[in-house]
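Some notes on the structure that comes next.
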Amino acid sequence: MATTLTPILTKFWDDPQSWTLATYEDNEGYQALKKALAMQPADLVQLTKDSGLRGRGGAGFPTGMKWGFLPPPDGGPRYLVVNADESEPGTCKDIPLMMAAPQFLIEGVVITSFAIGCNHAFIYLRGEVVHVYRRLLRAVEEAYAAGYLGKDIQGSGFDLDITVHAGAGAYICGEETALLDSLEGRRGQPRLKPPFPAVAGLYARPTVVNNVESIASVPPILLHGHEWFADMGTEKSRGFGIFSLSGHVKRPGQYEAPLGITLRELLDMAGGMRDPNRKLKFWTPGGSSTPLFTEEHLDVPLDFESVAAAGSMLGTRALQIFDDTTCVVRAVDRWTEFYKHESCGKCTPCREGTWWLKQILGRLEHGQGDEEDLDKLLDICDNILGRSFCALGDGATSPITSSIQYFRQEFLDHLTQGGCPFDRSASTLFAKDPVSA
């Protein structure tokens, strides 16, 4: 079963000095860059298109196609911005990648910048992860010293500078245009589109915004060929990805595997549920902003098309696993609190709607209200979905509508019993200490 894993970006994470340039160079590091600098930029864009690489940040938009949207050069600057603002509950792949192997990202940035004609790239990082910020700064420093960044890279005549920018810590800055506003020194709020970033992005210039894992995947694709990448995954969801398993599993962590693997297979690799006597109750296929799945979805292939056909989204492949000790009402209430807090307030449906959702869910969790509140929740969700300025509002509705779809009776049990029927301590990850109990 372990042969199903495809350790590529995670190949040498267990090395004692995995984050150093020396370790990266010992593992084919910067060989792809040397190959790229001997190619035509247009050929690099086409190779990325041919590989079928799709954005690893959640939306799954074809990466090479996004690069191809840039208008012809006009003599002015154009930019690459890496979205490293990983902030969604349960999502944990870019942060460990930048901690364990930051040079993957930096080499990917250099290759991508060369392909799109960018001479100044930015990595926008969530400011709270100071340890990752420091590691990225050190990795950039090493790359400059080795001649992989700066002037006349490897004698090619290509110049590139990288700025690592620490944001102030707002979930909304994961939305690409809000990220650009924040990078320019303004309050992070999404922009009206069009114009799209490819036409008028950072400083109103043509800009490509890509996720960390998307850019980090470019060097292996270039080094081994687009056919090698396309052979993994499924016909429309090609390649590999990092699946983050957390929650009630024996061995939570990052599992790099081809797209199309199932949760049943991943659970086997993770040692199964934390307590074999407990049943899988619900799980998220792509983070807290995606509709919930249940035990009946264990064999859904985890690729963009199959997950969508089953009623959810692959998102960031953040698989949060919950067993039957967990109160789904409380879990959804906690997520909704997050979205209410992180709403930027720009549009009424999200600003007001997430507040109302939290108020109603909080009452239901404490056994207050009545059955009509469930229909009111669905009605509010219906008025937010597709009507908010950006996808934050849409994501906030997903766990609510799906939890009522699969667990309506559990909501009613809170009302009939006058409160939550679950023992909160039973769902905590750590067993009770018999000495202090």
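The values are calculated or read from the model by the stated rules, or taken from the named source; none is laboratory data. Worth saying up front: this structure is predicted, and the values here are computed from it rather than measured. A quick note on method: Cβ atoms are made from the backbone with ideal geometry, for glycine too, and the neighbour counts reach across all protein chains shown. Only protein heavy atoms, including side chains, enter the accessible area calculation; ligands, DNA and RNA are left aside. Shrake-Rupley method; radii C 1.70, N 1.55, O 1.52, S 1.80 Å.
The table for this structure:
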{"item": "Some residue of the stretch 216-229 being open to solvent by 40 Å² or more (accessible area, probe 1.4 Å) and within 20 Å of the chain's Cα centre (by Cα)", "result": "no"}
{"item": "Residues being open to solvent by 30 Å² or more (accessible area, probe 1.4 Å) and of a type in the set (Gly, Ala, Ser) - total across the stretch 91-120", "result": "1"}
{"item": "Residue match in the stretch 1-8 (condition: open to solvent by 30 Å² or more (accessible area, probe 1.4 Å), of a type in the set (Gly, Ala, Ser), at pLDDT below 95 and within 24 Å of Thr91 (Cβ to Cβ))", "result": "no"}
{"item": "Criterion (of a type in the set (A, V, I, L, M), on the phi < 0 side of the Ramachandran plot, modelled with pLDDT of 95 or more and within 20 Å of the chain's Cα centre (by Cα)) met by exactly one of Val208, Val199", "result": "Val208"}
{"item": "Complete set of residues in the stretch 184-204 that are of a type in the set (A, V, I, L, M, F, W, C), surrounded by 13 or more Cβ atoms within 10 Å (Cβ to Cβ) and within 22 Å of Cys350 (Cβ to Cβ)", "result": "Phe196"}
{"item": "The stretch 230-247: number of residues that are open to solvent by 10 Å² or more (accessible area, probe 1.4 Å), out of contact with any strand residue (DSSP E or B) (no Cβ under 6 Å at 6 or more places or on another chain) and part of a strand (DSSP E or B)", "result": "1"}
{"item": "Subset of the stretch 280-296 (residues that are open to solvent by 10 Å² or more (accessible area, probe 1.4 Å) and at pLDDT 95 or above)", "result": "Leu280, Lys281, Pro291, Thr294, Glu295, Glu296"}
{"item": "Neighbours by Cβ (under 6 Å, 6+ apart or cross-chain): first from the stretch 368-382, touching a residue at least 24 places away in the same chain (Cβ under 8 Å) and farther than 15 Å from Glu410 by Cα; second among the polar types (S, T, N, Q) and in a helix (DSSP H, G or I)", "result": "Cys381/Thr397; Cys381/Thr401"}
{"item": "Qualifying helices (runs of 4 or more DSSP H) (wholly inside the stretch 264-375; at least 2 residues being β-branched (Val, Ile, Thr))", "result": "328-342, 348-365"}
{"item": "Selected residue [aliphatic (A, V, I, L, M), open to solvent by 10 Å² or more (accessible area, probe 1.4 Å), in contact (Cβ under 8 Å) with a residue 12 or more places away in the chain and closer than 30 Å to Gly260 by Cα] from Ala308, Ala391, Ala318", "result": "Ala391"}
{"item": "Residue in the stretch 121-150 that is farthest from the chain's Cα centre (by Cα), counting only those that are part of a strand (DSSP E or B) and surrounded by 16 or more Cβ atoms within 10 Å (Cβ to Cβ)", "result": "Ala121"}
{"item": "Cross-chain or 6+ apart pairs with Cβ under 6 Å, the stretch 325-352 first and basic (Lys, Arg), then part of a helix (DSSP H, G or I)", "result": "Arg330/Glu365; Lys340/Thr354; Lys340/Trp355; Lys340/Lys358"}
{"item": "Residue within the stretch 34-56 that is surrounded by fewer than 17 Cβ atoms within 10 Å (Cβ to Cβ), of a type in the set (Gly, Ala, Ser) and in a helix (DSSP H, G or I) present", "result": "yes"}
